[in-house]
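One structure coming up, written as structure tokens, with questions to follow.
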Amino acid sequence: MVTLDKEQIHQIIHEPGDTNYLTHNFHPYSAKFIPQLPTYLIRSLSSQYEMILDPFCGSGTTLVEAKLLGRRSIGVDIHPLGAFMSRVKSTKIDSAHLSAAAPLLSRIKRRIESHVEHHSETGFSYPIPDFKNRDHWFQPHVLQELSIIKSSIMNEDLSPEFRDFLLLGFSSIIVYVSNQESETRYSSYKKRIPPLHTFQTYRKKISDMVRRMREFNQVASDCEVVSYNADVRKLNFLEDNTIDAIVTSPPYPNTYDYYLYHKQRMNWLDMEWEFLKEVEIGSRLKHSSLGVGIDSYMQDMQKGFEHFRRVLKPDRHLAIIIGDSIIQDDLYKGDDMVSKLSESVGFKILDHIDYDLGLASRSFNRAFRSTDKKEHIILVQNLK
């Protein structure tokens, strides 16, 4: 019987080491799990070339680790930005394309110096996207620099993979150069952003990404990675009995609004996000602002678990990382939620480990990481 090595997991949690190696550092994404956890779980639950599924793939941590470990993988996320970054972070880029980054950055710099350095709005010929409260969240010269960067990426003769690589770097700097306070605080204040600082931030980011991708190319396998922008409740496009292991971390109810903190990025990348307010599982908007109870979360997760049992091969394993949550002053334990969901679809729980949630959620605001909460790793088996 497969079990969890509790001593090793506790060591990973307490002393994970570098959690931003290789492509994991490409893009900010709060509430992601540290890569050392899926690494341990993938190794424990699968063999080389087998198929791993992460149905809540978020920023693609599991997919990157699967590729590094020589496993094929499928990622699913309802957020278009999550599916996008998952694909870019797990896709190798040819060295010749990467070498084109430096001259492209030089061309962008010349264009920005020509149009933006003196904050001149006269004769500005690059399209600036129009979205709600745009001028509240972005200063005029920042808007211009961002528009020149994006237009340059879109109008260059680039491979689709390299264009996406450059766009992900572009997306990664947007909150930093906006008036949004931080990745986890959706309030505004006018930052001191001098001319050319937006471009300099982008150039530094792309230069670092190029270096990291060269390293990734050397150590990652050629195993296939597929990333779907889709709803975990509607996984009918995945065939029965095709997955060798599921390694995932679903949204913790009433903890985070993924759409909210990334919506300025999605505005710039022409991604739809308004619908996410209605369909995002476990959002703070739903459970705090609208007062929806835990039953809604459990019903949504039930649909997902039914698909998990269908696509997972007989006797193979699901490892799920989930935290406790508070809704309307009531504490809901993550292990209890997974136990009920597993029992309802016919999964057998094999093992369970927990630890203080604060150890794994340092990026959250203090209000999100109560010392009373635990995070749980739960291992279940598909007894068909």
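The values are calculated or read from the model by the stated rules, or taken from the named source; none is laboratory data. Note that the coordinates shown come from a computational prediction; the quantities given were computed from them, not determined experimentally. Cβ atoms come from the backbone with ideal geometry, glycine included; neighbour counts cover every protein chain shown.
Return only the number of the condition from (1) part of a helix (DSSP H, G or I); (2) on the phi > 0 side of the Ramachandran plot that Tyr49 does not satisfy.
Checking Tyr49 against (1) part of a helix (DSSP H, G or I); (2) on the phi > 0 side of the Ramachandran plot, the one that fails is (1).
Within the stretch 103-133, track down each residue that is at pLDDT 85 or above, of a type outside the set (Phe, Trp, Tyr) and surrounded by 15 or more Cβ atoms within 10 Å (Cβ to Cβ). Show your work before the answer.
The first filter runs over the stretch 103-133 and keeps only residues at pLDDT 85 or above, leaving 103-114, 126-133.
Within this subset, residues satisfying the condition of being of a type outside the set (Phe, Trp, Tyr) are 103-114, 127-130, 132-133.
Matches in the stretch 103-133: Leu104, Leu105, Ile108, Lys109, Arg111, Ile112, Ile128.
Run Tyr297 past the list (1) hydroxyl-bearing (Ser, Thr, Tyr); (2) under 27 Å from Leu167 (Cβ atoms); (3) crowded, with 16+ Cβ neighbours inside 10 Å and report the number of the one that doesn't hold.
Among (1) hydroxyl-bearing (Ser, Thr, Tyr); (2) under 27 Å from Leu167 (Cβ atoms); (3) crowded, with 16+ Cβ neighbours inside 10 Å, the lone unmet condition for Tyr297 is (2).
Hey, can you tell me all the residues within the stretch 186-203 that are of a type outside the set (Ser, Thr, Tyr), surrounded by 13 or more Cβ atoms within 10 Å (Cβ to Cβ) and either more than 11 Å from Val142 (Cα to Cα) or free of Cβ contacts under 8 Å to residues at least 60 places away in the same chain (or both)?
Here is the first cut: in the stretch 186-203, the residues of a type outside the set (Ser, Thr, Tyr) are 190-197, 199-200, 203.
Among the residues that remain, those that are also surrounded by 13 or more Cβ atoms within 10 Å (Cβ to Cβ) are: 191, 193, 195-197, 199-200, 203.
Result: Lys191, Ile193, His197, Gln200, Arg203.
How many residues are at pLDDT 95 or above and buried (at least 20 other Cβ atoms within 10 Å of the Cβ) when one looks only at the stretch 134-143?
3
Which residues, taken from the stretch 1-60, are of a type in the set (Val, Ile, Thr) and within 15 Å of the chain's Cα centre (by Cα)?
From the stretch 1-60, those of a type in the set (Val, Ile, Thr) are 2-3, 9, 12-13, 19, 23, 34, 39, 42, 52; that's our starting set.
Within the stretch 1-60, Thr19, Thr23, Ile34 meet the criteria.
Restricting attention to the stretch 163-202, and to residues there that are among the hydroxyl-bearing types (Ser, Thr, Tyr) and modelled with pLDDT of 95 or more, which single residue is nearest to Phe26 (Cα to Cα)? Give the derivation first.
Here is the first cut: in the stretch 163-202, the residues among the hydroxyl-bearing types (Ser, Thr, Tyr) are 171-172, 176, 178, 182, 184, 186-189, 198, 201-202.
Now restrict to residues that are modelled with pLDDT of 95 or more: 171-172, 176, 178, 198, 201-202.
Values: Ser171: 10, Ser172: 7, Tyr176: 14, Ser178: 18, Thr198: 17, Thr201: 13, Tyr202: 12 Å.
Among them, the one singled out is Ser172.
For the list (1) hydroxyl-bearing (Ser, Thr, Tyr); (2) closer than 17 Å to Val210 by Cα; (3) exposed (fewer than 12 other Cβ atoms within 10 Å of the Cβ), I need the number of the one condition that Ser171 fails.
The single condition Ser171 does not satisfy is (3).
Another question about this same structure. Could you check how many residues of the stretch 71-91 are assigned to a loop (DSSP other than H, G, I, E, B) and more than 22 Å from Val210 (Cα to Cα)?
We begin by selecting, within the stretch 71-91, every residue assigned to a loop (DSSP other than H, G, I, E, B); these are 71, 78-79, 90-91.
Filter once more, keeping what is more than 22 Å from Val210 (Cα to Cα): 71, 78-79.
Final tally of qualifying residues: 3.
I would also like to ask the following. Looking at (1) part of a loop (DSSP other than H, G, I, E, B); (2) in contact (Cβ under 8 Å) with a residue 40 or more places away in the chain; (3) closer than 27 Å to Lys348 by Cα, which one does Leu63 not meet, given that it meets all the others?
(1)
Kindly indicate the residue of the stretch 268-312 that is over 18 Å from His79 (Cβ atoms) and β-branched (Val, Ile, Thr) and also modelled with the highest pLDDT among those meeting that condition.
Among those that are over 18 Å from His79 (Cβ atoms) and β-branched (Val, Ile, Thr), it is Val311.
Cβ contacts < 7 Å: first residue closer than 20 Å to His307 by Cα, restricted to the stretch 331-347; second residue basic (Lys, Arg) and in a helix (DSSP H, G or I), any location; separation 6+ or different chain. Result?
Within 7 Å, the pairs are Val345/Arg309; Gly346/Arg309; Phe347/Arg309.
Here's another thing I want to ask about it. Only residues that are part of a loop (DSSP other than H, G, I, E, B) and either among the charged types (D, E, K, R) or surrounded by fewer than 18 Cβ atoms within 10 Å (Cβ to Cβ) (or both): list them for the stretch 1-44, please.
Going through the stretch 1-44, the residues part of a loop (DSSP other than H, G, I, E, B) turn out to be 1-5, 15-21, 26-35.
Listed by number, the residues that qualify are Met1, Val2, Thr3, Asp5, Glu15, Pro16, Gly17, Asp18, Thr19, Asn20, Tyr21, Lys32.
If a residue must be in a strand (DSSP E or B) and either hydrophobic (A, V, I, L, M, F, W, C) or touching a His at 6+ places or on another chain (Cβ under 8 Å) (or both), how many such residues does the stretch 326-335 contain? Please lay out each step first, then the result.
In the first step, residues of the stretch 326-335 are kept if they are in a strand (DSSP E or B); the result is 326-327, 330-332.
Within this subset, residues satisfying the condition of being either hydrophobic (A, V, I, L, M, F, W, C) or touching a His at 6+ places or on another chain (Cβ under 8 Å) (or both) are 326-327, 331.
Of the residues in that region, 3 qualify.
Taking helices (runs of 4 or more DSSP H) that do not extend beyond the stretch 238-318, which have at least 1 residues that are touching a Ser or Thr at 6+ places or on another chain (Cβ under 9 Å) and over 29 Å from Leu143 (Cβ atoms)?
Because the criterion is at least 1 residues that are touching a Ser or Thr at 6+ places or on another chain (Cβ under 9 Å) and over 29 Å from Leu143 (Cβ atoms), the helices (runs of 4 or more DSSP H) in the stretch 238-318 that meet it are 294-311.
Report yes if Asp315 is surrounded by fewer than 16 Cβ atoms within 10 Å (Cβ to Cβ), out of contact with any Cys (no Cβ under 6 Å at 6 or more places or on another chain) and in contact (Cβ under 8 Å) with a residue 60 or more places away in the chain, otherwise no.
Working: surrounded by fewer than 16 Cβ atoms within 10 Å (Cβ to Cβ): yes; out of contact with any Cys (no Cβ under 6 Å at 6 or more places or on another chain): yes; in contact (Cβ under 8 Å) with a residue 60 or more places away in the chain: yes.
Yes; evaluated as a whole, the condition is true for this residue.
A further question on this structure: Given the criterion of a type in the set (Ser, Thr, Tyr) and out of contact with any Gly (no Cβ under 9 Å at 6 or more places or on another chain), identify the matching residue among Ser99, Ser86, Ser90, Ser59.
The unique qualifying residue is Ser99.
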